[in-house]
């Protein structure tokens with residue numbers, strides 16, 4: 001999963017009056033005839049691009065959550081085998097998704113956008129963080145019991 005490969009976003013400004021997406025070079029909205037200031041168009045394009053990138057990256061991470069069942073199943077299987085040296089690898093299955101979730105929060109978590117899509121992505125990233133931290137804690141506790 002490469003976050004940068006999904007970030008090919010064409011910048012568009014959003015009309016402040018009717019919400020239509022416009023090319024950055026448009027001076028007037030063709031629907032409502034609102035004048036579009038160049039500074040506003042740049043800010044709006046940046047805003048739309050960041051939200052699109054954040055949602056795209058969050059969706060990619062969310063698909064990885066489906067692997068959580070596999071991670072837990074593998075951890076249980078290795079625990080039953082009672083092989084601590086093999087179980088040391090199990091937390092790595094949680095570390096990779098956690099890395100990308102933390103990366104998402106470091107890039108997009110500080111933004112306070114009110115858009116529904118962005119807020120949904122933020123909620124999903126929090127849920128993913130809790131899921132993978134929970135799995136990691138279970139794996140670490142199981143590893144500690146195997147080593148004792």
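The values are calculated or read from the model by the stated rules, or taken from the named source; none is laboratory data. Note that this is a predicted model, so its numbers are computed, not measured. Using ideal geometry, Cβ is built from the backbone for each residue, glycine included, and neighbour counts are taken over all protein chains shown.
Numbers below:
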{"read-out": "Matching entry among 56, 128, 94 (being farther than 28 Å from residue 24 by Cβ and modelled with pLDDT of 90 or more)", "value": "128"}
{"read-out": "Residue 107 more than 12 Å from residue 54 (Cα to Cα), modelled with pLDDT of 90 or more and surrounded by fewer than 15 Cβ atoms within 10 Å (Cβ to Cβ)", "value": "no"}
{"read-out": "Residue in region 72-90 that is in a helix (DSSP H, G or I) and within 30 Å of residue 15 (Cβ to Cβ) present", "value": "no"}
{"read-out": "Residue 41 over 30 Å from residue 144 (Cβ atoms), surrounded by 14 or more Cβ atoms within 10 Å (Cβ to Cβ), modelled with pLDDT of 85 or more and within 23 Å of the chain's Cα centre (by Cα)", "value": "no"}
{"read-out": "Where residue 14 falls short, out of the listed (1) closer than 20 Å to residue 141 by Cβ; (2) in contact with a helix residue (DSSP H, G or I) (Cβ under 6 Å, 6 or more places away or on another chain)", "value": "(1)"}
{"read-out": "Count of region 19-35 residues which are assigned to a loop (DSSP other than H, G, I, E, B), out of contact with any helix residue (DSSP H, G or I) (no Cβ under 8 Å at 6 or more places or on another chain) and surrounded by 12 or more Cβ atoms within 10 Å (Cβ to Cβ)", "value": "6"}
{"read-out": "Region 91-104 - residue that is buried (at least 19 other Cβ atoms within 10 Å of the Cβ) and more than 13 Å from the chain's Cα centre (by Cα) and, of those, farthest from residue 50 (Cα to Cα)", "value": "91"}
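Table: residues versus (1) free of Cβ contacts under 8 Å to residues at least 60 places away in the same chain; (2) more than 14 Å from residue 75 (Cβ to Cβ); (3) assigned to a helix (DSSP H, G or I); (4) more than 9 Å from the chain's Cα centre (by Cα).
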| position | (1), (2), (3), (4) |
| --- | --- |
| 111 | no, yes, no, yes |
| 114 | yes, yes, no, yes |
| 121 | no, yes, yes, no |
| 129 | yes, yes, yes, yes |
| 137 | yes, no, yes, yes |
